[in-house]
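All of the numbers you see were taken from the coordinates with simple rules; none came from a lab. Note that the structure is a prediction, hence the values are computed from the model and not measured. Cβ placement follows ideal geometry from the backbone for every residue including glycine, while neighbour counts extend to all protein chains displayed.
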Amino acid sequence: MKIDAFAHILPPHFYQKMLELEPTIPQKFPFIRIKSLVDLDERLNTWPDDNMKQVISFANINPEDFVGPDQAAKLADKGNKELAEIVKEHADKFEVGVGMLAMNNIPASLHILDKVKADPNLMGAQIFTRHLGKSIADPEFDPIFKKAAKLNLPLWLHPVFDQRKPDNNLVFSWEYELSQAMLQLVQSNIFKKYPHLKILVHHAGAMVPNYKT
């Protein structure tokens with residue numbers, strides 16, 4: 001059995017709610033046009049290998065980038081419940097789901113981590129290289145790492161573009177963003193503070209496994 005530990009999806013009800021908030025999402029984020037990303041039936045009907053299962057996490061359409069703290073937390077919570085239901089209903093295809101947080105509402109996100117821990121169909125939460133224009137290593141996000149370590153919940157680290165840069169591209173920029181975030185996290189001493197913290201890095205660890213000094 002093969003398990004893809006970083007497969008993306010946008011649950012249909014969550015996606016429709018985001019479209020209500022921002023109808024131009026498909027134009028702003030061209031990857032949304034991948035049908036199997038937003039159409040569950042399409043994904044199930046074109047499943048590539050019967051000996052493969054997926055760990056599904058949200059594509060990087062984050063409520064925190066579109067709405068205020070309270071609404072972002074509610075959308076994340078509802079999205080997580082929908083994701084968990086998809087895993088439960090299609091357990092032959094999906095091993096587990098990865099929850100979403102609202103990093104513009106840290107107190108609510110800490111409660112979301114508790115809910116993720118209690119849900120057998122979810123296993124951890126997704127974070128990004130940057131949130132709200134800040135590095136994931138910013139002290140503002142420290143409570144998330146502390147809570148995840150306490151609950152023994154892994155965090156999935158996914159890249160986003162640093163909007164200060166004029167030359168962002170999917171070929172090289174995301175690999176750099178991941179590698180830079182990994183360095184910043186280590187430099188922040190996060191693993192000294194929380195030695196049992198688990199972070200899964202997308203794109204096979206980006207540049208780090210292949211970079212020799």
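In segment 20-38, of all residues being closer than 21 Å to residue 126 by Cα and in contact with a helix residue (DSSP H, G or I) (Cβ under 8 Å, 6 or more places away or on another chain), the one that is surrounded by the fewest Cβ atoms within 10 Å (Cβ to Cβ) corresponds to 31. Any residue at all in segment 69-88 that is part of a loop (DSSP other than H, G, I, E, B) and without any contact (Cβ under 8 Å) to a residue 40 or more places away in the chain? The answer is no; no qualifying residue exists. Considering only segment 111-121, state which residues are of a type in the set (A, V, I, L, M, F, W, C) and either assigned to a loop (DSSP other than H, G, I, E, B) or surrounded by fewer than 21 Cβ atoms within 10 Å (Cβ to Cβ) (or both). Within segment 111-121, 118 is the sole residue that qualifies.
Table: residues versus (1) buried (at least 17 other Cβ atoms within 10 Å of the Cβ); (2) not in a helix (DSSP H, G or I).
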| site | (1), (2) |
| --- | --- |
| 123 | yes, yes |
| 143 | no, no |
| 157 | yes, yes |
| 160 | yes, yes |
| 171 | no, yes |
| 181 | yes, no |
| 204 | no, no |
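Among the helices (runs of 4 or more DSSP H) confined to segment 1-59, the ones with at least 3 residues that are touching a residue at least 24 places away in the same chain (Cβ under 8 Å) are located at 12-21, 40-45.
I'm checking my understanding of the structure. Among residues of segment 187-202 that are out of contact with any Phe, Trp or Tyr (no Cβ under 7 Å at 6 or more places or on another chain) and crowded, with 16+ Cβ neighbours inside 10 Å, which one is farthest from residue 173 (Cα to Cα)? So that I can check it myself, show each step before the final result.
To start, the set of residues in segment 187-202 that are out of contact with any Phe, Trp or Tyr (no Cβ under 7 Å at 6 or more places or on another chain) comprises 187-189, 191-193, 195-196, 198-199, 201.
In the following step, the residues that additionally are crowded, with 16+ Cβ neighbours inside 10 Å were identified as 188, 199, 201.
Numbers: 188: 22, 199: 20, 201: 15 Å.
In this case the residue turns out to be 188.
Residue 66 satisfies every condition listed in (1) among the aromatic types (Phe, Trp, Tyr); (2) more than 12 Å from the chain's Cα centre (by Cα); (3) surrounded by 18 or more Cβ atoms within 10 Å (Cβ to Cβ) except (3).
Residues in segment 96-110 that are more than 14 Å from residue 128 (Cα to Cα) and either surrounded by fewer than 18 Cβ atoms within 10 Å (Cβ to Cβ) or aliphatic (A, V, I, L, M) (or both) were compared, and the one that is nearest to the chain's Cα centre (by Cα) is 96.
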